[in-house]
Amino acid sequence: MLCMRFEFSSKAPLVVIETRLNGKGPFKFIVDTASSVTVVGQEAAEAIGIPQNSNSTTSGCCSGKVIAVGSVQVGGVSKSKVPVTLGNLSQLSEETGTRLDGIIGSPFMQDYEVVIDYPHKELSFEEPREECRLPTKFRLVSNAGFIVVDTELNGKGPFNFLVDTGATRTIVTKQMGQTFGLHEILRGEKRALSGFFAGTTMILSKVKSIQVGEAKSTDVEVGVQDLQALSDGVREPLDGVLGYTFMKDYQVTINYPKRELSFEKPVENRWQAKEVS
């Protein structure tokens, strides 16, 4: 099992890994299971010889212009002729405190079993293991590969939650907030720093418990947010988003081809981390 170290962005717990494009780099990419595209930022695009013009980027994250990159390499995994979207990541870089060059989205990950060990900051992309079954089934929604999983809140449910490694906190809908009597109990920064919610504000609260399969966390910080636009984009009614505040204690394993996942407390020294150039 070959794994790589990752770091968190300076101002937000986003998974940042070293990535090579056409053999050049390394560049800093975040891993985002809720991104429907792999994104390459302006500076990285210029570094590998992709010309920039007035139509290639906008003030938002992505331009919508899709091109094929010769190769994208993350650790020991390399893919050829990868479709990517050109993007302007300056705002995301500023808000996270880390200069970001791109986003590894779900299309890149869909051939692999992806393992993210949050406590030990280790990650791997592996060939799916046929002999190993993970405890929780999930649904891949739309061709974009959004992961939706049954989730219980305070022992009730199941509810539809999107698994989002690009979300800095777990989020529930305003309707769920009313149902569970959630109100603002936490002070401080309310702005979401990344993903679909970048730049938006939300009520910060806590729920007594969140459970996915056999994994159960208590006193989980959540944001209360209107998710209608996200549900429309995913084409699935969503009750919430599983973000860092739930996943931070776990080794998260996502087997895309078998549509199975697990949240497990990591075992000390299970992996021998290797530096990957």
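The values are calculated or read from the model by the stated rules, or taken from the named source; none is laboratory data. Keep in mind that this is a model prediction, so the values were computed, not measured. No Cβ is skipped: glycine too gets one built from the backbone with ideal geometry, and neighbour counts run over all protein chains shown. Accessible surface areas use protein heavy atoms only, side chains included; no ligands, DNA or RNA. Shrake-Rupley method; radii C 1.70, N 1.55, O 1.52, S 1.80 Å.
Conditions: (1) over 24 Å from Phe246 (Cβ atoms); (2) charged (D, E, K, R); (3) touching an Asp or Glu at 6+ places or on another chain (Cβ under 6 Å). Arg99 meets all but one. Number of the miss?
Only one criterion is unmet by Arg99, namely (3).
Does Leu92 meet the test of being open to solvent by less than 30 Å² (accessible area, probe 1.4 Å), modelled with pLDDT under 90 and outside any loop (DSSP other than H, G, I, E, B)? Give the steps one after another, and end with the answer.
Details: open to solvent by less than 30 Å² (accessible area, probe 1.4 Å): yes; modelled with pLDDT under 90: yes; outside any loop (DSSP other than H, G, I, E, B): yes.
Considered against the rule, which asks whether it is open to solvent by less than 30 Å² (accessible area, probe 1.4 Å), modelled with pLDDT under 90 and outside any loop (DSSP other than H, G, I, E, B), Leu92 comes out as yes.
Are there any pairs, at least 6 apart or on different chains, whose C-beta atoms fall under 6 Å, with the first in segment 119-146 and within 22 Å of Pro107 (Cβ to Cβ) and the second among the small types (Gly, Ala, Ser) and outside any loop (DSSP other than H, G, I, E, B), and if so, which?
Leu134/Ser262; Gly145/Ser106
Output the residues belonging to segment 122-159 that are open to solvent by 20 Å² or more (accessible area, probe 1.4 Å) and either at pLDDT 95 or above or under 19 Å from Val220 (Cβ atoms) (or both).
Asp150, Glu152, Asn154, Gly155, Lys156, Gly157, Pro158, Phe159
How many residues are within 19 Å of Val212 (Cα to Cα) and acidic (Asp, Glu) when one looks only at segment 223-262?
Number satisfying all stated conditions: 4.
Pick from segment 103-116 the residues that are out of contact with any Lys or Arg (no Cβ under 8 Å at 6 or more places or on another chain) and open to solvent by less than 10 Å² (accessible area, probe 1.4 Å): which of them is nearest to Met247 (Cα to Cα)?
Of everything passing the filter in segment 103-116, Ile116 is nearest to Met247 (Cα to Cα).
For segment 50-80, which positions are at negative phi, assigned to a strand (DSSP E or B) and at pLDDT below 85?
Scanning segment 50-80 gives Cys62, Ser63, Lys65, Val66.
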